[in-house]
Amino acid sequence: MSSSSLHIFSLFLLLTSFLALPHLALAHGYVATVSIGSNGRSYKGNLPAESNTRHASVIRQIQNTQPVKGVNNQNLACGSGATPASLIADAMPGDQVKFDWKGAGNSAWPHNAGPILTYMASCGSVTCDKFDASTARWFKIAELGKKSNGQWHMVDVQAGQPVTVTIPSTLAPGNYLVRQELIALHIAMSLGGVEFYPSCTQLRVGGSQTGRPAESDLVRLPGAYGERDPGLYVPGIYEPGFQYTIPGPRVARIANGGSGSDNTPPASTSVKASSTKVVATPSSTKVAPPPDEATSTKVPASPPLTSSPAVKSTPASSPASVPTTAAALAPESQLTAPTVKVCQKRRLRSKNWASRTVKPVATFSISLGGVATPTAAVVKRSRHHARHFVRSGLRGSH
């Protein structure tokens, strides 16, 4: 047998041997046991539903041991097809919770590369066995990536050690889900290759603490991860000197013993540079009008000689030449130097107005602040109008 044939035969034997071990070929896993508190109260989890076994537990049962794939997968909350558990474990702030992970068939956890993240979420006023995890708002209480020697913490899980986390010591009493997640990166060199293994445990936290997570520390799952996040897409994971960035939000401040509340006051006013519209806080009620309103605002008409549009002064030699419409007015660009023209007669006697009408006279304008402002020509006016005209206009000009 040639060397090439021997090599092919050896590969065939290796492949058939590997496929003969389904617990290795499908070696994904789940949380088998959770222990809570100093006295180590232990709760056994259900095998995935594919085993057709179910008993009372505080750990939500998943449907199979396969990973959750995709950052927008709805199963990212508590695991593949997870259903609420029937029991609720009692715990206190500062208690330690230990998660024991197993592979399919109760074998050792199969993976050794990737972070371990732990979150909590309030179930609100209902107990967590009745809570829909898809509506949860999670805050991170712990994260583990690589050790100082470059080895992943997940190697210890593969060796059979539980993952231990601590419930925040200032956490207010209430109903909470604890979500622990192992993220396997062994094929995450390709986009979308990352594998998520989440598990949820139902708790009732007692005590008299008052701490709650800050609003800025709360996230949705799915929603907290991006497909190209540096901690989930790692093409250089096996290259020398690779530096890893843990994905997701920061560890919540309440996990470090703080109150967790946001202490940064909101800004009182924010202004968009590209707009004249001011967005104000409730304490301010004045808002600038939109640009369309500002440019189309109508200006009320003013009395003659004060604020009419400026036009070029135009003499009229006959009634037909007197401008009587806005269209006949010259544009502002054609204005001449300010002038003052008066009617052809310097004085008008009142007795003449009583018996006749006024013939058309020349238009006139008066300079107001350097802008020529016209009046309308007098075409035919009654005695009353003519007297008003003389009193308000011409006498003031002489």
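The values are calculated or read from the model by the stated rules, or taken from the named source; none is laboratory data. Given the structure is predicted, the values throughout are model-derived calculations rather than measurements. Heads up, the Cβs are rebuilt from the backbone with ideal geometry, glycines too, and the neighbour counts pull from every protein chain shown. Accessible surface areas use protein heavy atoms only, side chains included; no ligands, DNA or RNA. Shrake-Rupley method; radii C 1.70, N 1.55, O 1.52, S 1.80 Å.
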Test residue 184 against the criterion of being touching an Asp or Glu at 6+ places or on another chain (Cβ under 7 Å) and either among the polar types (S, T, N, Q) or modelled with pLDDT of 95 or more (or both), and give yes or no. yes
Just checking, how many residues over the range 116-174 are within 25 Å of residue 231 (Cα to Cα), within 27 Å of the chain's Cα centre (by Cα), open to solvent by 60 Å² or more (accessible area, probe 1.4 Å) and of a type outside the set (Asp, Glu)? 3
Checklist (1) of a type in the set (Phe, Trp, Tyr); (2) under 30 Å from residue 42 (Cα atoms); (3) free of Cβ contacts under 8 Å to residues at least 12 places away in the same chain applied to residue 242, failing item: (2)
So, residue 206, is that one modelled with pLDDT under 95 and either open to solvent by 10 Å² or more (accessible area, probe 1.4 Å) or of a type in the set (D, E, K, R) (or both) or not? no
Does the range 196-229 hold any residues that are closer than 17 Å to residue 181 by Cβ and not in a strand (DSSP E or B), and which are they? 217, 218, 220, 221, 222, 223, 224, 225, 226, 227, 229
Out of 226, 231, which single residue is among the small types (Gly, Ala, Ser) and surrounded by fewer than 16 Cβ atoms within 10 Å (Cβ to Cβ)? 226
Can you tell me which residue within the range 74-115, out of those that are within 15 Å of residue 34 (Cα to Cα) and aromatic (Phe, Trp, Tyr), is surrounded by the fewest Cβ atoms within 10 Å (Cβ to Cβ)? 99
